[in-house]
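Undergrad: Provided herewith is a single structure, encoded as structure tokens, for subsequent inquiry.
Readers should treat all values here as calculations from the given coordinates under stated rules, not as data from a laboratory. Keep in mind that what you see is a predicted model, and the values were worked out from it rather than measured. When we count neighbours, we look across all protein chains shown, and the Cβ atoms used for this are built from the backbone with ideal geometry, even at glycine.
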Amino acid sequence: MKFYLRLVFTIIHLATILMPKKRTQKMPKNFSVKSGDKSPSGGLTKKGAARYRKANPGSKLQTAVTTKPSKLKKGSKAAKRRKSFCARMEGMKKKLTSEKTKRDPNSRINKALRKWNC
């Protein structure tokens with residue numbers, strides 16, 4: 001019985017050592033509008049996106065698709081990114097924000113939705 005318990009614990013221990021660790025993405029310190037990383041009109045600036053990518057190697061973060069929907073080619077990469085972002089953020093706005101934040105035109109989520117032309 002002791003042998004089997006020791007074997008099981010050894011296998012579990014090896015599995016935890018060999019499994020790839022979850023990569024946690026972190027925001028750089030002092031990530032703000034004042035430092036020029038976030039845009040006052042919502043979303044990230046190019047500088048902010050570059051700084052985030054530097055802090056998180058392998059990240060594919062891009063800045064907002066600010067082109068008007070009427071000017072985007074239907075089915076293009078940018079149009080798909082915009083559509084996906086808008087759908088995701090609208091859901092977040094409904095479920096994860098308070099009533100006050102939903103109505104506030106100056107909340108970060110509403111500014112981002114305006115910037116992406118959602």
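Undergrad: Debye sum, Cα scatterers, segment 67-118, no solvent: what log₁₀ I/I(0) at q = 0.27 1/Å?
TA: -0.99
Undergrad: From Cα pairs below 8 angstrom and at least 6 apart in sequence, can you work out the relative contact order of the chain, rounded to a whole percent?
TA: Answer for the chain is 23 percent.
Undergrad: Can you list residues whose amide H is under 5 Å from Lys38's amide H, if they're 5+ apart or on another chain and H is modeled 1.01 Å from N?
TA: Excluding prolines and chain starts, which carry no amide H, the hits are Ser32, Val33, Thr45.
Undergrad: Rg and Dmax of the chain over Cα atoms: what are they, in angstrom?
TA: Spelled out, the Cα radius of gyration and Dmax of the chain are 21.2, 71 Å.
Undergrad: What length, rounded to one decimal in nm, is gained on full extension from Lys46 through to Ser59, with 0.36 nm per residue of separation minus their alpha-carbon distance? Don't skip to the end; give the middle numbers.
TA: Working: separation 13, 0.36 × 13 = 4.68 nm, distance 1.43 nm.
Gain on extension, Lys46 to Ser59, equals 3.3 nm.
Undergrad: So, one more: Tell me, what is the FRET efficiency for Ser32 and Ser70 to the nearest 0.05, using R0 = 35 angstrom and their Cβ-Cβ distance as r?
TA: Working from the Cβ atoms, E equals 0.60.
Undergrad: For segment 59-70, what does the Karplus curve 6.51 cos²θ - 1.76 cosθ + 1.60, with θ = phi - 60°, yield as ³J(HN,Hα) per residue in whole Hz, taken in order and with x for Gly and Pro?
TA: Result, ordered by residue: 6, 10, 4, 10, 7, 5, 8, 9, 5, 4, x, 5 Hz.
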